Amino acid sequence: MVKRFFLSERNMMIAILINAVIIFTLYFPAYRRNDWLEFVDHLFILFFVLEAVVKLYILKPRTYFENPWNRFDFFIVVGSLPSLLVELIPIPDTSLLIILRLFRLIRLVRFIRFVPHLSKVITGLGRALQASVFVLLALAFLNVLLAIFTCHFYADIAPEYFGDPLISAYSIFQMFTVEGWNEIPAAITQHIEEANGDSSSYRANFFIGATRFYFVLVVLLGGVFGMSLANAVFVDEMTMDNNDALEAKIDSLQQEIQELKDLLRQQTTNKGT
């Protein structure tokens, strides 16, 4: 009975879900120091340890570790064991040990096995990443180029966005994602107006107009064209398996149509003779 319980994949999935809910609850301020939840959380650690021990006893170490999911579970359980020391040893700073409980949440990854056609999805994902790498490198190069260029002209005007190349690169990437594309130029415009005092001066108006035009180009190049191209390449590679299957069906249909034509032509020839 005990063996069947621990070998049941369904029971283990339910236990992982319940433990995930408890860990999730423990991070609410009202329940962060709840003794009962902490106690139940530690019971789950012991439960998963017992699960590993039972499986090792039944399956034997060699068979047990041949399964990649068993290896995955084993290392996650071992990694979360130090969090039990909080109850056994008085340690002043237990933040690192408490964080180790999060390792068990990684076990939720096991649920991806229930995704339909998982092998095809993983194959398509790998192919999409390989195909997208050059587009992503081009976007990274464009990001760095624009970051340095923008840092050169706007570092003193808007240091919170372009104070150094790293901050500038983050701001440019933010605009690539079309996030804050209007807020950043608006903040720069405000700085320019405050610095010039007279916002109606020709120089200030020209600089403001050039700034808006420049950032529109940044959004178009990186956000509209660049990110759209990366998404198009990624999605196209992900769906290539479906395209291949559709092409195979079309080829098969064309072959059948050709065979029917040949058969009709042969029947026509026989009637004529």
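The values are calculated or read from the model by the stated rules, or taken from the named source; none is laboratory data. Every value quoted in this text rests on a predicted model; they were computed, and no experiment measured them. FYI the Cβ positions are ideal-geometry reconstructions off the backbone, even for glycines, and counts take in every protein chain you see.
Computed quantities for the displayed model
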item	result
Of all residues making up the range 203-219, the number that are closer than 27 Å to L137 by Cα and either of a type in the set (G, A, S) or surrounded by 12 or more Cβ atoms within 10 Å (Cβ to Cβ) (or both)	7
Lone unmet requirement of (1) modelled with pLDDT under 75; (2) among the hydrophobic types (A, V, I, L, M, F, W, C); (3) in the same structural domain as I16 (by TED's automatic domain parsing) for L125	(3)
Residue in the range 183-202 that is modelled with pLDDT of 85 or more, over 35 Å from the mean Cα position of the chain (by Cα), surrounded by fewer than 17 Cβ atoms within 10 Å (Cβ to Cβ) and not in a loop (DSSP other than H, G, I, E, B) present	no
Some residue of the range 51-66 being within 30 Å of the chain's Cα centre (by Cα), assigned to a helix (DSSP H, G or I), modelled with pLDDT under 85 and over 21 Å from R4 (Cβ atoms)	no
Residues of the range 29-39 that turn out to be part of a helix (DSSP H, G or I) and surrounded by fewer than 15 Cβ atoms within 10 Å (Cβ to Cβ), as a count	6
Selection from the range 159-186 of residues that are touching a helix residue (DSSP H, G or I) at 6+ places or on another chain (Cβ under 8 Å) and under 16 Å from A210 (Cβ atoms)	F162, I184, P185
Every pair of residues 6+ apart whose Cβ atoms lie under 6 Å, when the first sits in the range 10-26 and is more than 19 Å from F74 (Cβ to Cβ) and in the same structural domain as F44 (by TED's automatic domain parsing) while the second is of a type outside the set (A, V, I, L, M) and modelled with pLDDT of 80 or more	I22/D41; T25/Y31
